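Notes follow once the structure below has been shown.
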Number of protein chains: 2
Amino acid sequence: MDLDDRNKKVLQAVIDSYIASGSPIGSTVLVKRFDFGVSSATLRNIMADLEEMGYLTHPHTSAGRIPTDLGYRYYIDSLISVENDSEDIEEHLQQAPQLQGDDLQELMEEASRFLATLSHCAGVIVAPSESEATYRHIEFVRLRGRQVLIIFVTSNGIVQNKLIDIDESIRQQDLNGFSAYLDEEIEHRSLAEIRQQLIEKIKEEKLVFMQLMDETYRASQDVQERENEKVYIGGASQMLESPEFANVEKMRALFKAFEDKYKLLKLLDRSVSAQGIKVFIGSENPYFEMQGCSMVVGNYNAGSNVVGTLGVIGPTRMQYKQVIHVVDYTAKLLSKLLGERFQRGLDR
Amino acid sequence: MDLDDRNKKVLQAVIDSYIASGSPIGSTVLVKRFDFGVSSATLRNIMADLEEMGYLTHPHTSAGRIPTDLGYRYYIDSLISVENDSEDIEEHLQQAPQLQGDDLQELMEEASRFLATLSHCAGVIVAPSESEATYRHIEFVRLRGRQVLIIFVTSNGIVQNKLIDIDESIRQQDLNGFSAYLDEEIEHRSLAEIRQQLIEKIKEEKLVFMQLMDETYRASQDVQERENEKVYIGGASQMLESPEFANVEKMRALFKAFEDKYKLLKLLDRSVSAQGIKVFIGSENPYFEMQGCSMVVGNYNAGSNVVGTLGVIGPTRMQYKQVIHVVDYTAKLLSKLLGERFQRGLDR
DNA sequence: TATTAGCACTCTATATTGGAGAGTGCTAAT
DNA sequence: ATTAGCACTCTCCAATATAGAGTGCTAATA
């Protein structure tokens, strides 16, 4: 961090040029493209200094300089100005909703492709995590024999379902009754509480429903878990456009990693806590062992209680400024869509 | 088709060897590995004949022979014996269900990965197409204001939903009533018929529900369309293992093609009509412009009325015999699972 | 003291060359 | 009809040469 002004400028110039061109930057190129008022020899000295400090490196003795991960880090923390033109984004948000999937799942897929297209990287979205208290409606549909399909509707319009087996055959009519009962109660308490309440009532009367309640409770947990594990990846082939992945082995590893969505989930979840856009550069991320990859991630929300993560995975040499914008924009867009479409409890 | 016995044997030997090794097969190799009772010179003559007939070709003058698409076609149609050991498969089906997703979607994803793992190719599954008449239950859930979520449950346990806006605010109670009415009627007629019936009733009374009915009808079509467009691709990275795709450009094109699922869908749908396993070799398939790729596809069903397609996409040089087995097995497995789990109308 | 010019040196990328090996196609003999 | 033999072709691989880009160092300069 103890860089004087000129050093900063040179570092920025090198990284900018490298991001743009993809090939190592030599002193003469720098002198031609920028006007530092010094000769190439001086630049060589400066670059040697920057290399000693760990911000730049050499692929080989007689090649130009490329940024190290540390260099990128400094670049992002101190050098690029992500203009906070929130008005500009706001404007865009007003006019171009662009996403219109009316199923949550569809919306997520669309959004991940949207991210990918704008960023030229792979777009990744982690489905919103639900808290238990938000069920709006629970429905039971009897299929054949002892099979019952439970349908959960959350207040933001997400529909989930789970098939269960129960011991005794129950009439659809009774199921409807139970459903109505749950709908009524769910306004005031969580499923866990209702279950507790039923356990107390058990000696009195409705013994039949106890098992159903238990199954419902368990199913709701299953369903939550399942939904929380969903990762949408869109436009992965975008990443292959950049020459960084001309190496077949790397490509292969990349796609293997993408198929193991669980790891991705863990990685992305780590950053959920904080607000704002975060950038993970190359080796900085411990879970995703992929050399030469960076991630730009942000959060989105719906109303207030539902929050998910979204972001972009691309080569370390990416257009950070632009990508940060795109992620920011998409996060806001998604939040807005989820917020307005599934807004909670206004008229309950 | 006018091949004498010896020519057939040589063709088979060449293709078998090429599939196994991946490199062009020369006359000496053939003479060493197989016992034709003739010299390499004679084999050269035979191979030259086969080349003239279009079954084999040369990468260059002094290389061994490799099969043409026509050669593969002949190989599959006439030379390989896919032993119809249906007992064997039956046995497997009995003991190892292997797939256990309890959501249809989950099951499809699992199955596509299953295909990929066993075949070392990419596994592709087209979601079962529904016919309109199979709804088991239709449910309306009022969200805020004029938004209503319609939930469709088909008789095989697939849940679909769609958000609609209606003109006037309706009470949840009324919605429940309408739902019950539809549930009752849907037993006897299709949605289209019910709609017709309501139109006739319109002058009399229930004017309010007409709009809802229209929306419901439209939504059901949307939902069907959406479900029918779903293609699940699993284990795409499996394909990259084979040296055929060491070429970066090919890999890139492949993944681009995979992301455009619509084309895949069209391609796979074409073969839905017929029963049994079909093999499309390289250039034989008109929609999917991907050189060096073959597809092995089959059908699955659930009960009787629901049918989908599943298959495998891999390099033209694939282990056809084995892959055909795998596709056959998976199709039967999936049919069995869907059949037993979502069996229709046994106790209605 | 900081900067610059100049030059030797290093390393990559690319083209060229020259076998070695594999395989064919043809011819003449069986 | 089959075979042995041989000349020919083509790829693959390693070795070699060459041009170009860029550095690091030294000595001169402001």
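The values are calculated or read from the model by the stated rules, or taken from the named source; none is laboratory data. Note that this is a predicted model, so its numbers are computed, not measured. Heads up, the Cβs are rebuilt from the backbone with ideal geometry, glycines too, and the neighbour counts pull from every protein chain shown.
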Inside segment B:37-73, the number of residues satisfying the requirement of being part of a helix (DSSP H, G or I) and within 13 Å of DNA strand C (Cβ to nearest atom) is 13
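Of everything in segment A:20-65, what is among the hydrophobic types (A, V, I, L, M, F, W, C), buried (at least 19 other Cβ atoms within 10 Å of the Cβ) and either in contact with a Gly (Cβ under 7 Å, 6 or more places away or on another chain) or under 22 Å from A:Met318 (Cα atoms) (or both)? Give them in sequence order. Walk me through how you get there before you give the answer.
Of segment A:20-65, the ones among the hydrophobic types (A, V, I, L, M, F, W, C) are A:20, A:25, A:29-31, A:34, A:36, A:38, A:41, A:43, A:46-48, A:50, A:53, A:56, A:63.
Going one step further and asking which of them are buried (at least 19 other Cβ atoms within 10 Å of the Cβ), we end up with A:25, A:30, A:43, A:46-47, A:50, A:56.
Within segment A:20-65, A:Ile25, A:Leu30, A:Met47, A:Leu50, A:Leu56 meet the criteria.
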For B:Phe114, the lone unmet condition from (1) touching a Leu at 6+ places or on another chain (Cβ under 9 Å); (2) at negative phi; (3) modelled with pLDDT under 80 is (3)
Going through segment B:219-234 in order, the residues found to be among the acidic types (Asp, Glu) and within 13 Å of B:Ala127 (Cβ to Cβ) are B:Glu225, B:Glu227, B:Glu229
* Check segment B:8-31 and report whether any residue there is of a type in the set (D, E, K, R), more than 9 Å from DNA strand C (Cβ to nearest atom) and more than 37 Å from the chain's Cα centre (by Cα). => no
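Can you confirm whether B:Ile76 is more than 14 Å from chain A (Cβ to nearest Cβ), at pLDDT 85 or above and part of a helix (DSSP H, G or I)?
Numbers: more than 14 Å from chain A (Cβ to nearest Cβ): yes; at pLDDT 85 or above: yes; part of a helix (DSSP H, G or I): yes.
For B:Ile76, the condition - more than 14 Å from chain A (Cβ to nearest Cβ), at pLDDT 85 or above and part of a helix (DSSP H, G or I) - is met.
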For segment B:157-193 the number of residues that are closer than 19 Å to A:Asp103 by Cβ and part of a loop (DSSP other than H, G, I, E, B) is 3
Taking first residues from segment A:221-233 that are within 11 Å of another protein chain (Cβ to nearest Cβ) and second residues anywhere that are surrounded by 17 or more Cβ atoms within 10 Å (Cβ to Cβ) and outside any strand (DSSP E or B), the pairs with Cβ under 6 Å that are 6 or more apart or on different chains are A:Glu227/A:Ala127; A:Lys230/A:Ala127; A:Ile233/A:Phe258
- Message: Given the condition surrounded by 20 or more Cβ atoms within 10 Å (Cβ to Cβ), modelled with pLDDT of 80 or more and farther than 23 Å from B:Tyr232 by Cα, answer yes or no: does some residue in segment A:246-266 qualify?
- Response: no
Selection from segment B:151-198 of residues closer than 19 Å to A:Arg142 by Cα, within 11 Å of chain A (Cβ to nearest Cβ) and in contact (Cβ under 8 Å) with a residue 24 or more places away in the chain yields B:Phe152, B:Thr154, B:Ser155, B:Asn156, B:Gly157, B:Ile158, B:Gln160, B:Asn161, B:Asn176, B:Ser179, B:Asp183
Exercise. Check segment A:1-8 and report whether any residue there is within 14 Å of DNA strand D (Cβ to nearest atom), at pLDDT below 95 and part of a loop (DSSP other than H, G, I, E, B).
Key: no
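Can you find even one residue in segment B:254-273 that is touching a Pro at 6+ places or on another chain (Cβ under 8 Å) and within 12 Å of chain A (Cβ to nearest Cβ)? Give the derivation first.
Restricting attention to segment B:254-273, the residues satisfying the condition of being touching a Pro at 6+ places or on another chain (Cβ under 8 Å) are none.
No, segment B:254-273 contains no residue that is touching a Pro at 6+ places or on another chain (Cβ under 8 Å) and within 12 Å of chain A (Cβ to nearest Cβ).
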*State yes or no: is A:Ser155 at pLDDT below 80 and under 29 Å from the mean Cα position of the chain (by Cα)?*
yes
- Is there a residue being in a loop (DSSP other than H, G, I, E, B) and of a type in the set (A, V, I, L, M) anywhere in segment B:19-36? no
